[in-house]
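Report on one structure; see the data block that follows.
The values are calculated or read from the model by the stated rules, or taken from the named source; none is laboratory data. All figures in this text were calculated on a predicted structure; none of them were measured in a lab. All Cβ positions, even for glycine, are placed from backbone atoms using ideal geometry, and neighbour counts span all protein chains on display.
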Amino acid sequence: MAPFHSCRVGGEDMVNDSGQLYTIEGLSAAILMIVTAYIILSTTTLFTPGGAHVVDLQLEQLGNDALTMMDTPDSAPSPTFLPFKSNLSKYIENDTGFGDQYFRSNLTNYIRTKTNGQPDTNLQFTANVTYSTGSVVGSVPFNSSGQMMTGREHAVTVSRLVLVTVPASGNPPLTIPPFIANDRRYVLIEVTLWRA
Amino acid sequence: MRNDSGLLSIDFIAGFTIFMIAFIVVITMISGYFVGLESRTIDNDAIAYRTGVILVEDPGYTANSQTSWELNDIDHTFNILRFGLAYSDDPLGASRNYPNILSSSKVSKFFNKTYFPTRNNAVSDDYQSRLMFGDRPYWYNISLCEIGGSCYPPATNALGDPQGYGYIRRVVKIREPGIVNIDAYYHNSSVAGGTYEIPMNFSALYSYSAPYLVDPLQDPVTIRINNISSLNASGLPHLSQVSLVESAPIQTLDEFVTIDGVPSKHPPNDVVNTIDLTLEPGFFKSYASKSSNFKIRYTFLGPGYGMGGSTPTTNFTPGPGNINEPDWPWPRFIPAVLEVKIW
Amino acid sequence: MASLNDEAQWLILLGLIVCVGMFSLAVIINESVLVGQTTAESVLDFSKSDIQGLRGEMLRTVESDPLNAKTVINAGTPDIERLYLLRKHAIVNIKPVDGPGLLNISVHYNNGVTAYNETMVFVNQT
């Protein structure tokens, strides 16, 4: 077919079909850039830095503080006055007036109180006491805040070494072997904290 | 071959236009990429955690390291290099044996707006330059509340609560020094006038481990004598002077003594029921050490009876504080919660 | 045509440069997320409360019963070492040593990341 004749300028055809060189290159460059931008924006996720681990840091510091304060005696060391025992030792030994429910309310107060007056009721805990005897390390469950952990929450475990005196029989004893009364033992109390 | 005819083909214009339009669209999309990125908030949690540690586990530091930072008066607050609320019986030493025990004088000073006013968002703010050590100004809110009790006024340079902030919560115990309570009924003398002396044997008071000891060099000293009306006197007892005595009288304490709860009633004066002596923290710093031995002498004149006769009473030893026995009561420990918010 | 006309290749080259630029920017921004993570992780890794608790219990043992403290600590040391090894994954070594005070206890703690050594000196035994 004969080419379509159009007006001639300068002796050359102004419109011809001999190849849209720049157009094709420009179009392919444009497509390349847009596709790259789209892929980049859809694959990288920007979330506020300090995501999961800061919550763990806050919970762990809070749990350690609470155990430390419960393990700090409120009376001075003096043989003529009150025995130098911390509340935490008394809870674990189950001394008179320091039973299970007092540990629960004490720990709950410490971890849930906020300065704006509204307690942080989402924090839950379970506690157990780990002892060592001979070559065996065993655990006895100690207390909990009542809720079961579903396993999906951020949980941290804090622990503290406590010196306890295994009480003589008559006062329900701390049931850890080898059951020698008035034995001074070191046990580890472990508390798992999570935010429900 | 050089084309210097100065003519652009339509093909070139079309291709270039398509490229430029796509370029501008992509650049606009990229600017949306930066919306979630904010470098200002990256370190808020870290600053909050560090501030919490400095407040709760560090006793603070002054340029003049002989005195603890809370004993500097309002004209000398420039000496304070670092705040810290932890109790330590030795200004140079650490409080590492019992972390999280706070000194009540430090806590009162820290939250006192007269000493440390907050200036909005300025790096020269006392709290920012002595506690947070940041490169840029932060908004902060530090609050302390007793568990089951009252709160201290928060230290903050902001007006409201922010949307997002760095946060840490610490559980502490505030060490409150004890008040000496003396019931005059048990120290009655049938002698008109006479002196009553309270021994302050610093070696005995400091003989316990920190923070359980009694610390007259850093704590406020409060002595209350009540029930004076039981002295069975024919007239009101007349308190002529209260003085600090070592081997000889050193200083009169009349200006620190309040009679019957009336702030303007100082010795010499008649006493109906109570005598209160209040010495501010750091009173003994200028001339006492941990081995000093003082007495506080109450001198009564006639016609009413006094207390104790002219012989000193039995020794005041540290103890739980019993109204019948003269004890210098141990400090109490009050659980509290400290929160730091930084944004 | 004797050769391909490659005069317009600068246009696609520009496109390629812009894409490479966007990619490197994305990599840099992506890594900025780690800044906050790393701070929290390093705090969690440092076992501050383990060391403070260990020292605190030695102190508490001596202060509550100074005369029998050495016996109690000697009897309890195997328990402490085993509990710390199995539950806290740290090696602990506690033993009384000679020293300036009436009772000196050497405390050693190592959890692989942090090592701590101290000789605790107790002079006041009443």
Leading residue by the ranking (farthest from C:A69 (Cα to Cα)) among those in the range A:61-91 that are modelled with pLDDT of 85 or more and among the hydrophobic types (A, V, I, L, M, F, W, C): A:L62
Output for the range B:208-266, where each listed residue is under 20 Å from B:Y287 (Cα atoms) and hydroxyl-bearing (S, T, Y): B:T222, B:S243, B:S247, B:T252
Boolean, B:T278 is among the polar types (S, T, N, Q), touching an Asp or Glu at 6+ places or on another chain (Cβ under 6 Å) and part of a strand (DSSP E or B): no
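Residues of the range B:102-111 being touching a residue at least 60 places away in the same chain (Cβ under 8 Å) and within 15 Å of B:I54 (Cβ to Cβ), which ones? Before you say what the answer is, go through the steps one by one.
Of the residues in the range B:102-111, the ones touching a residue at least 60 places away in the same chain (Cβ under 8 Å) are B:102-105, B:107.
Selection gives B:L102, B:S103, B:V107.
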Residue ID - farthest from the other protein chains (Cβ to nearest Cβ), chosen from residues in the range A:101-137 that are surrounded by 12 or more Cβ atoms within 10 Å (Cβ to Cβ) and under 14 Å from A:V187 (Cα atoms): A:A127
Residues located in the range B:238-265, provided they are without any contact (Cβ under 8 Å) to a residue 24 or more places away in the chain and over 28 Å from the mean Cα position of the chain (by Cα): B:S247, B:A248, B:D260, B:K265
Every residue from the range B:119-147 that is touching a helix residue (DSSP H, G or I) at 6+ places or on another chain (Cβ under 7 Å), more than 17 Å from B:D43 (Cβ to Cβ) and either modelled with pLDDT under 90 or not in a loop (DSSP other than H, G, I, E, B) (or both): B:L144
The range B:148-175 - residue that is part of a strand (DSSP E or B) and hydrophobic (A, V, I, L, M, F, W, C) and, of those, surrounded by the fewest Cβ atoms within 10 Å (Cβ to Cβ): B:C151
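Here's the yes/no breakdown for (1) among the hydroxyl-bearing types (S, T, Y); (2) modelled with pLDDT of 85 or more; (3) touching a helix residue (DSSP H, G or I) at 6+ places or on another chain (Cβ under 7 Å):
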{"site": "C:S3", "(1), (2), (3)": "yes, no, no"}
{"site": "C:N30", "(1), (2), (3)": "no, no, no"}
{"site": "C:E41", "(1), (2), (3)": "no, no, yes"}
{"site": "C:G53", "(1), (2), (3)": "no, yes, no"}
{"site": "C:E81", "(1), (2), (3)": "no, yes, no"}
{"site": "C:V92", "(1), (2), (3)": "no, yes, yes"}
Checking B:N201 against (1) surrounded by 18 or more Cβ atoms within 10 Å (Cβ to Cβ); (2) within 24 Å of B:E255 (Cβ to Cβ), the condition it does not meet: (2)
Tally of residues being under 30 Å from the mean Cα position of the chain (by Cα), at pLDDT below 60 and surrounded by fewer than 17 Cβ atoms within 10 Å (Cβ to Cβ) across the range A:8-60: 4
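Please specify each residue of the range C:74-92 satisfying the condition of being within 7 Å of chain A (Cβ to nearest Cβ) and in contact with a Lys or Arg (Cβ under 9 Å, 6 or more places away or on another chain).
Across the range C:74-92, the qualifying residues are C:G76, C:D79.
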Tally of residues being within 13 Å of chain C (Cβ to nearest Cβ) and without any contact (Cβ under 8 Å) to a residue 40 or more places away in the chain across the range A:86-100: 2
